[in-house]
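Coordinate-derived values only; no laboratory data. Model, not experiment: these values are computed from the prediction. Methodologically, a virtual Cβ is constructed for each residue, glycine included, from the backbone with ideal geometry; neighbour enumeration extends over all protein chains shown.
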Amino acid sequence: MTNNHGEVIAAATDGACSGNPGPGGWGGLIRFADGTVKEYGGHVPDTTNNRMELTAALEIMRKLKTLPLQAGITIRTDSKYLIDGLNKWILGWKKKGWKTAAGKPVLNQDLWKSLDKERLSNVNLEYVKGHSGDPDNERVDTIAVSFSKNIAIPLK
């Protein structure tokens, strides 16, 4: 990814599903030091909301790996599932052979494994309450919902 915008200073992700399961979409954005914002999104015909939350984070982490990052940047998300999974549960799942505390296979294991591989040690996840007026969260929600409905939306 070519970058003439300076360091990444912030990022945000969200996932949406029209029905759960149903058609899904994910949205993400990356904010640069020069004020530029790059937006991303995608559609999956049959999925779940949780898979879209994880996919959004995975896609943005992959993009961040190729860019210069300001120290202490965060990916803002309204998904406690994503945050708790990466910050709390994943170590136990790996120790138990990708089984939950109840001994069942971890759901969305493919995405969790990819997230674990792509994770950036210098980028943290930060919780933001959904639909609370946070501009980046509102924007990635709009992108994700539009993609879940397969509606074309102009991305910056």
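Brief remarks follow.
- Antiparallel content of DSSP bridges confined to the chain, in %, to 5: 75
- For the chain: Kirkwood Rh in Å [reciprocal of mean 1/r, alpha carbons]: 15.8
- If you wrap the range 1-79 in the convex hull of its Cα atoms and look at it from every side, the mean projected area works out to 5.0 nm².
- For the range 1-87, trypsin sites (Lys or Arg not before Pro) are listed when DSSP marks them as loop and at most 16 other Cβ atoms sit within 10 Å of their Cβ; the list is 65.
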